[in-house]
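Read the structure below first, then the notes.
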Amino acid sequence: MMRTEHLPRFQHRAYHAFAAAACLCAALFSVLYAQDSLPGIGAIPLLPTVVIASVLGLPLLRYIRARFGKQTRSLRARTAFWLLPLGAFLALPPIAIDLLHPFPRDTHVVLPRSLLFYPAIAMVAEVVFHLVPLAAAAALSAQRRPRVLLVLPAVLTEPLFQAAFSGGLTIQAILVFGNVTLISAAQVWLFLRLGFAAMIGLRLAFYLFWHVIWGTLRLPLLF
């Protein structure tokens, strides 16, 4: 029998808060900075994409928790504080890669648009790259515990997506694959231990240093 325990109230509130913030950022971005193409989604409209992901994410989250049980600990303010330096640390490898083998000039959405775009796209990324594969693994497995092999698809989905659009097997592509795998593994571990807020919190911290700060600094340095 599948467990029917509900998500803790904090998990409800945290998910709804992140989803609402993502939808608001997407709406403002769509009004203020309408574009034909954006990193990661191309010509797909940003706002509908974020709304659909936000709506689908909660039942996926419920299902994963019903199968695997709730996280072993709760995210507290002191723990959440460490997501920021961890995000900064994980941003160092791609910055080093960019300095050695520069990415294209338009890799990042730059300030001030980045302050709206990346909080919005973070919700889409978590649903597509982590919640969907975790829910699929939970559905296909008889295990009630998230074993390593069971969560491996959730760890590798985003790195494989990045590799598919990397333009070939280059040193840069290999380094990016390793870095994204590390970040994804850390996020999945945080999700299983501390819940959705910790997982998306680490992504937002990484986005802050890699996309927002470095994405702006790199233009006069590299181009």
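Is it fair to say residue 132 is open to solvent by less than 60 Å² (accessible area, probe 1.4 Å), touching a residue at least 24 places away in the same chain (Cβ under 8 Å) and touching a Leu at 6+ places or on another chain (Cβ under 7 Å)? No; evaluated as a whole, the condition is false for this residue.
Name the one entry in 154, 173, 139, 186 that is among the small types (Gly, Ala, Ser) and open to solvent by 40 Å² or more (accessible area, probe 1.4 Å).
From the options 154, 173, 139, 186, the qualifying one is 139.
Only helices (runs of 4 or more DSSP H) whose full extent lies in segment 1-120 are considered here, and the ones with at least 2 residues that are at pLDDT 95 or above and either over 17 Å from the mean Cα position of the chain (by Cα) or surrounded by fewer than 13 Cβ atoms within 10 Å (Cβ to Cβ) (or both) are 9-32, 46-68, 83-100.
Filtered by the rule that a residue be open to solvent by 10 Å² or more (accessible area, probe 1.4 Å) and within 16 Å of residue 155 (Cβ to Cβ), segment 189-202 gives 189, 190, 192, 193.
The values are calculated or read from the model by the stated rules, or taken from the named source; none is laboratory data. Everything numeric in this text was worked out from a predicted model, so none of it was measured. Ideal geometry is used to build each Cβ from the backbone, glycine not excepted, and the neighbour counts take in all protein chains shown. Side chains are part of the model used for accessible areas, which takes the heavy atoms of the whole protein and leaves out ligands, DNA and RNA. Shrake-Rupley method; radii C 1.70, N 1.55, O 1.52, S 1.80 Å.
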